[in-house]
Amino acid sequence: MNSNLNFFRGLFGATLSLFIFIPFLCAQFYGDPPDKTHPWAIHDNNRSQPLRVDPGEVPGSPPSDAIILFDGSQESFKSNWEHEKPKRKKNWRVINGALISVDGAGDLLSKALFADCQLHIEWAAPSKIVGSGQGRGNSGVFLMGETEVQVLDNYNNPTYPDGFAGSVYGVMPPMVNALNGPGEWQTYDIIFRRPVHGDGKVLDGGSLTVLLNGIVIQDGTPLEGGGVHKKRSRPRPFPDKGPLKLQDHGNPVQFRNIWYRELRKRPIEGGTDGKLSFESTIAKRAETAANIRKDAATRKGKEKLLRLMESLCYEEDAGAIAAAEKLRAKFIAQVKIDPDSHKEDIVQVNNAVKYLVKHQRMRADHPDVEILKKIIIDNGWKTRDK
Ligand code: MG
């Protein structure tokens, strides 16, 4: 901590005020603490840093953590896909880097099974216009094999809106028609959340967000069961995982550049970001407190004291309280002999004490509150608090 302090002083000059640097160094006593449904403080440095992902070379190309389902090669097709129909006379084909639906070959399933995801897929309806309505350039992207984002040549081809290209089929039309013409490539960027049920209740009905050629056409659309042909779908649980399904609707629609990334877990599935149940929150807070106490055990003096005090923001632990009491008493006894040479440490511990008092982790009438306050007032030091 002291080396950090010196670093900031060097960086900003000796006149740097306490008001500026204390928030950097004491982030753990900074924002509102964890509560009954949030295991993390606001601006909590105990949370993991976001994982690094390298973006693709150009928008649409797979980032470093993408799972590639089709890269344009025959090998990629064979290793990542299987036909749904065991008995068939034809197969889907790979021509010029595109995967092509063949009439009669049946639907295609990814071998990978997955659920919540960001999916990128590009498609092109035949350049030669054949048929109309649902009969022109029809295929489909079925998330988990269950719910269809419609693929259809609707460039100049009206049909029922909840069966339009980019519709959640039978559930919700796209907001707009942003299609390129027949034969041109279209991109879908899809964010999918499956429905989750538990104890006979819908915990999360699931949703789809779709961008067509970079334009939002579905915005967290509720799945309402996922949609079916002609019937109103009813909320139903989805399996834990399923394949991506591409539809053979009799038209030679092409696909390319297919990849997905898994999304972080929602709290209802064990995720620890966001608003959690009381039980999950308490469990996560206890885990964090234990980690901080473990880290405190590797430290000494003021650093150990601050870490133990920090652990109390997450969990009230008798051992940590007693150890912090003892260390703080020792700290005060040491620094009050020559406060000037311990100014930064005293302000830091005082700040932590005030934070714990403010958030009911420490008694306001605890003697240390007054002792530290008095040292600061007697020396005419400024603190960041009014
Ligand atoms: Mg379809």
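For the chain, averaging the sequence separation of C-alpha pairs within contact (under 8 Å, six or more residues apart) and dividing by the residue count gives a relative contact order of 18 percent.
Using only side-chain charges placed at the Cβ, +1 for Lys and Arg and -1 for Asp and Glu, the dipole size of the chain relative to its Cα centre rounds to 520 debye. With the highest mean first, a sort of the peptides 358-366, 257-265 on other beta-carbon atoms found within 10 angstrom per residue produces 257-265, 358-366. Within the same chain, lysines fewer than 8 places from Lys284 are excluded, and of the rest, those with a Cα less than 30 Å from its Cα are Lys36, Lys201, Lys241, Lys265, Lys275, Lys294, Lys300, Lys302, Lys304, Lys326, Lys354, Lys358.
In terms of Cα to Cα distance under 24 Å, which lysines are near enough to Lys90, apart from those fewer than 8 places away along the same chain? Partners found: Lys78, Lys111, Lys128, Lys245.
Note on segment 67-269: Cα Rg divided by 2.2 N^0.38 Å, N the number of residues, gives 0.97. Please say if the chain is rounded, prolate or oblate, where rounded means a/c under 1.5 for a ≥ b ≥ c the square roots of the C-alpha gyration tensor eigenvalues, and otherwise the choice is prolate for a/b larger than b/c and oblate otherwise? In terms of gyration-tensor shape, prolate. Around the Cα centre of segment 67-269, unit charges on the Cβ atoms of Lys, Arg, Asp and Glu (plus for the first two, minus for the last two) sum to a dipole of about 560 debye. Think of the chain as a dipole: +1 on every Lys or Arg Cβ, -1 on every Asp or Glu Cβ, centred on the Cα centre; then among Ala289, Ser139, Leu203, Ala289 lies furthest on the positive end.
About its Cα centre, the dipole of segment 214-359 is roughly 420 debye, where the only charges are +1 on Lys and Arg Cβ and -1 on Asp and Glu Cβ. Look at the dipole of segment 67-269 built from charges on Cβ: of Cys117, Gly106, Val130, the Cα furthest out on the positive end belongs to Gly106. Net charge near Ile42: determine it from the other residues with C-beta under 12 Å of the C-beta of Ile42, scoring Lys and Arg +1 and Asp and Glu -1. Its environment carries a net charge of -2.
Separation of segment 60-98 and segment 126-180, taken as the distance between their Cα centroids, equals 21 angstrom. Could you tell me which residue out of His38, Val171, Pro62 lies farthest along the dipole of the chain toward its positive end? Charges go on the beta carbon: Lys and Arg +1, Asp and Glu -1, centred on the Cα centre. Towards the positive end, the residue furthest out is His38.
Each value in this text was obtained by applying a stated rule to the coordinates, not by laboratory testing. This one's a predicted model, so the numbers in the text were calculated from it and none came from an experiment. All Cβ positions, even for glycine, are placed from backbone atoms using ideal geometry, and neighbour counts span all protein chains on display.
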